[in-house]
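Undergrad: Below are the structure tokens for one structure; questions will follow.
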Amino acid sequence: MSGAAPKGAAKADVKAGTRRYFLRLSRYYLWFTLCFGLFLAALGLLEKEGMPRQWIGYLYMFATIVLYAAIGVVSRTSNVSEYYVAGRRVPALFNGMATAADWISAASFISLAGTLYLHGFDALAYVMGWTGGYCLVALLIAPYLRRFAQYTIPDFLAARYGDADGSNRRGQRVRALAVLATIVVSFTYVVAQIYAVGLIASRFTGVDFSVGIFLGLASILVCSFLGGMRAITWTQVAQYIIILVAFLIPTMWLSMKFAGNPVPQVAYGSVLPKLALREAELAIDPREEEVRATFRARADEYGARLAGLPRSWEAGKVEAQRRLDAARSRNASLGEIRSAERALVDYPRSAEEAARIWAERRAANLERARPPEPHAEPFPGDTREESSIRRNNFLALVFCLMFGTAALPHVLMRSYTTPSVHETRVSVFWTLFFILLIYLTMPALAVLAKYDIYTALVGSDFASLPSWVSYWANVDKANPLISIVDINGDGVVQLAEIAIDGDVLTLATPEIGGLPYVISGLVAAGGLAAALSTADGLLLAISNALSHDIYFKIVDPGASTQKRVTISKLLLLAVAFIAAYAASQKPADILSLVGAAFSLAGSTMFPALVAGVFWKRANHAGAVAGMIAGFGVCLYYMLHSNPILGGSAEAAWFHIAPISAGVFGVPAGLAVLVVVSLLTAPPPRESAGLVDHIRAPE
Amino acid sequence: MPTDSAAPAVPAPDADLQRERIVAARQRHWERARRLVAWLLALWLATSFGTVFFARDLAHLSVFGWPLSFYLAAQGASLTYLAIIGAYAWRMRALDRDFARQLGEQA
């Protein structure tokens, strides 16, 4: 081996270079964290000096958005490899951080703790599903994608399921399907992120919702437009640090307050039994029962009206008109006339609408008439069957979220950016590590906040409600985040009188714990970072699918590298504006579909990706049929069983909720892929060669 | 470094032998990697399924204040997943090194 010595030296050189690069990055981010700490301290001082809340909100918004834009400007690039895969030299640790920020969306940061608060054990399905999915990513997909070393997920599918001759028409077909799936999944997701950006910005700075959206959009665009994957990687690392700080500070504070231990993940074990005692107390409290009886009576009233349709609808309408006339004729106060007018305007327009609205209100009242469910008890139910249905749904949701995680393009795309296959494996480890720092804290936050509300707020006087309650009740007048009404008129807060929206929990934690407003602003900045980082990754996934896979690979394979990057940037701009426009319409139907994105992604992409690596016999026809079948079954089940989409809950199979449609879609996709592959000719030799190549160590 | 496409233009008998050895070493590597993945996936499935399916039976056991099933779902399962991924990265590096050593010995 004559070349051994120089080769060894070169290798050592590369190693030392990587090490230096790693150390330099670590230094940058340590400095960044330090400066961020100083910024927080300075704001804290300013607040003490009497700076108004609104200004603190503005400062956070402004400082973080400028920061992200600055990182974007510094890492601007028009090199193809830098733009699509950050030059493939992101160290595993930082790639893990960036992927974690990519992963932690507005929904996980803002809503997950609230969901855990409201649903107790059931909501742990999200924690398990969203972390367990990384096992599939690490073991089945990511290292092989890195070994394949191209740019996008459709690239892999097209190469693996393509044909041998130059035209590669079959490959294009698979590519187009994969692009379609990428866009459907990522677009619903990105609209939800941008919506969250608008919500947070408008709540904390008082700017208009659509202004908030476009402010956030500006920072996303400067960043990803200028520097593609390279810029968003370094921005996401910074965003992860902000997310982590923003989440840990208030939770540690609460943990110190209630358990005397600053590590919430350990401490809340001692609060759980106390919470269980309090829950049992509240379940049999006579005053609580009084309030619940009121709700039951209201539900019964709606039930009676529903039974009397359509006559009850006509009678109600006449009654509303009569009240308005009466108020007018006796010269009642303006307020009374207004409210009577509003009652008439809001009255259901037809008997069908009345049936829908009244059924909803009846359900809502019945919901509030139920005693609190024990937080830590798995699958409570009146009968064993009911409890088993909940368990099966939990299980189905866990698996859907796992398969979906393992097939989300914006997460998988990040496995291309590390220097080697080994680094990719380590990077998935770091990803899960950094996600767990947040996700293991979420259930703790939910329990601590619940304990605080159950003990401090419940039983207090209406005259002396804490200030955060009135603040958050007034933030969004149309859909109050929290509302407390003295239903039984005893002047004391009962648990059943509190209606709380899950979203408020994370945002209000600092105030619940009695921390200064600076920390509230920090939490909002964290939510903003979570939404922006995910939106960055998703927009890049969509625009890369369009520019690389559709434009470069199908429309104009001769395009110069310069042209490819330019087209990609223009498409990014276009997609971002379409998504922002969609979000500014406040589309309730899109937002409710976000959970469905996981099922769709898993059913469509997962079988083809995994069979592509682990089963040489999988061929083109099988992959196409499998993807279509998975997508079709998943979509069919959602339409079939989701009342919002025109199905009915009674039509569900095995009582599985529509959000878990993937539990049918993934096996269907896999089965169709196997059967069709076996029925058609084996794939060409080149496919087997590719599989051998990606399986082989470097 | 030998790669799959780097077959010399004029195959010498020696190169053929070398090629066979690489193929055999790759085959062994892949089999070991596959077995590892199978074991870890089994562990992953057992953790996920077991935690949920037997949650009601484990609820009355308690560890440091947590009901066992709540602890497993909130932390235990996720930490197991992290361990699975860590073990995979660590073992695969060992397998990759074995592979490189085999090639080095034979060359």
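The values are calculated or read from the model by the stated rules, or taken from the named source; none is laboratory data. Note that this is a predicted model, so its numbers are computed, not measured. Cβ placement follows ideal geometry from the backbone for every residue including glycine, while neighbour counts extend to all protein chains displayed.
Undergrad: Would you be able to tell me the number of residues in the stretch A:450-494 that are more than 19 Å from A:Gly513 (Cβ to Cβ) and either in a helix (DSSP H, G or I) or in contact with a Phe, Trp or Tyr (Cβ under 6 Å, 6 or more places away or on another chain) (or both)?
TA: 5
Residues are listed down the side, and each one gets a yes or a no for (1) within 14 Å of chain B (Cβ to nearest Cβ); (2) crowded, with 24+ Cβ neighbours inside 10 Å:
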position	(1), (2)
A:Glu82	no, no
A:Arg89	no, no
A:Asn95	yes, yes
A:Ala98	no, yes
A:Ala101	no, yes
A:Ala113	yes, yes
A:Tyr126	yes, no
A:Gly132	yes, yes
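Undergrad: Now for a different question. Grab the helices (runs of 4 or more DSSP H) fully contained in the stretch A:602-698, keeping just those with 1 or more residues being within 14 Å of another protein chain (Cβ to nearest Cβ) and in contact (Cβ under 8 Å) with a residue 60 or more places away in the chain.
TA: A:662-679, A:685-695
Undergrad: Checking A:Ala149 against (1) within 12 Å of another protein chain (Cβ to nearest Cβ); (2) surrounded by fewer than 24 Cβ atoms within 10 Å (Cβ to Cβ), only one condition comes out false. Which one?
TA: Only one criterion in (1) within 12 Å of another protein chain (Cβ to nearest Cβ); (2) surrounded by fewer than 24 Cβ atoms within 10 Å (Cβ to Cβ) is unmet by A:Ala149, namely (1).
Undergrad: Follow-up question, since we're still on this one. Within the group A:Val610, A:Val594, A:Val633, which residue is at pLDDT 90 or above and out of contact with any Leu (no Cβ under 9 Å at 6 or more places or on another chain)?
TA: The match here is A:Val633.
Undergrad: Also: Would you check which residues across the stretch A:440-460 are surrounded by fewer than 24 Cβ atoms within 10 Å (Cβ to Cβ) and either touching a Ser or Thr at 6+ places or on another chain (Cβ under 6 Å) or of a type in the set (A, V, I, L, M, F, W, C) (or both) and list them?
TA: A:Leu440, A:Thr441, A:Ile453, A:Ala456, A:Leu457, A:Val458
Undergrad: Same structure, new question: Which residues, counting only those in the stretch B:30-62, are more than 7 Å from chain A (Cβ to nearest Cβ) and not in a helix (DSSP H, G or I)?
TA: B:Phe54, B:His60, B:Leu61, B:Ser62
Undergrad: Ok, one more. Check A:Glu423, A:Glu511 and return the single one that is within 29 Å of A:Val237 (Cα to Cα), crowded, with 19+ Cβ neighbours inside 10 Å, among the charged types (D, E, K, R) and within 14 Å of chain B (Cβ to nearest Cβ).
TA: Answer to the check: A:Glu423.
Undergrad: Within the stretch B:4-29, restricting attention to residues that are modelled with pLDDT under 85 and facing chain A (nearest Cβ under 9 Å), which residue is nearest to A:Gly381 (Cα to Cα)?
TA: Among them, the one singled out is B:Asp4.
Undergrad: Could you list, in sequence order, all residues of the stretch A:636-658 that are polar (S, T, N, Q) and modelled with pLDDT of 80 or more?
TA: Hit for the stretch A:636-658 is A:Ser641, nothing else.
Undergrad: Evaluate the following for B:Phe99: is it facing another protein chain (nearest Cβ under 7 Å) and farther than 30 Å from A:Gly120 by Cβ?
TA: yes
Undergrad: If the requirement is being in contact (Cβ under 8 Å) with a residue 60 or more places away in the chain and either within 30 Å of A:Ser105 (Cα to Cα) or surrounded by fewer than 21 Cβ atoms within 10 Å (Cβ to Cβ) (or both), which of these qualifies: A:Arg287, A:Arg311, A:Arg305?
TA: Selected residue: A:Arg287, the only one of A:Arg287, A:Arg311, A:Arg305 that is in contact (Cβ under 8 Å) with a residue 60 or more places away in the chain and either within 30 Å of A:Ser105 (Cα to Cα) or surrounded by fewer than 21 Cβ atoms within 10 Å (Cβ to Cβ) (or both).
Undergrad: Starting from residues that are touching a helix residue (DSSP H, G or I) at 6+ places or on another chain (Cβ under 9 Å) and farther than 22 Å from A:Glu279 by Cα, keep the ones in the stretch A:461-490 and report whichever is surrounded by the fewest Cβ atoms within 10 Å (Cβ to Cβ).
TA: A:Ser467
Undergrad: Mind listing whichever residues of the stretch A:209-227 are over 23 Å from A:Leu522 (Cβ atoms) and either surrounded by fewer than 24 Cβ atoms within 10 Å (Cβ to Cβ) or at pLDDT 85 or above (or both)?
TA: A:Ser210, A:Phe214, A:Leu221, A:Phe225, A:Leu226
Undergrad: Among the residues of the stretch A:243-257 satisfying the criterion of being surrounded by 22 or more Cβ atoms within 10 Å (Cβ to Cβ) and either within 12 Å of chain B (Cβ to nearest Cβ) or hydrophobic (A, V, I, L, M, F, W, C) (or both), which is nearest to A:Val447 (Cα to Cα)?
TA: A:Leu254
Undergrad: Give the residue that is surrounded by the fewest Cβ atoms within 10 Å (Cβ to Cβ), with candidates limited to residues of the stretch B:63-93 that are under 15 Å from the mean Cα position of the chain (by Cα), facing chain A (nearest Cβ under 7 Å) and under 13 Å from B:Leu43 (Cβ atoms).
TA: Here the residue is B:Gly86.
Undergrad: Out of A:Phe399, A:Phe394, A:Phe429, A:Phe434, I need the residue that is closer than 17 Å to A:Ala100 by Cβ, part of a helix (DSSP H, G or I) and at the interface with chain B (Cβ under 9 Å from one of its Cβ atoms). Which one?
TA: Every option except A:Phe429 fails the conditions.
Undergrad: Of (1) more than 22 Å from A:Arg88 (Cβ to Cβ); (2) assigned to a helix (DSSP H, G or I), A:Gly162 satisfies all except one. Which?
TA: Among (1) more than 22 Å from A:Arg88 (Cβ to Cβ); (2) assigned to a helix (DSSP H, G or I), the lone unmet condition for A:Gly162 is (2).
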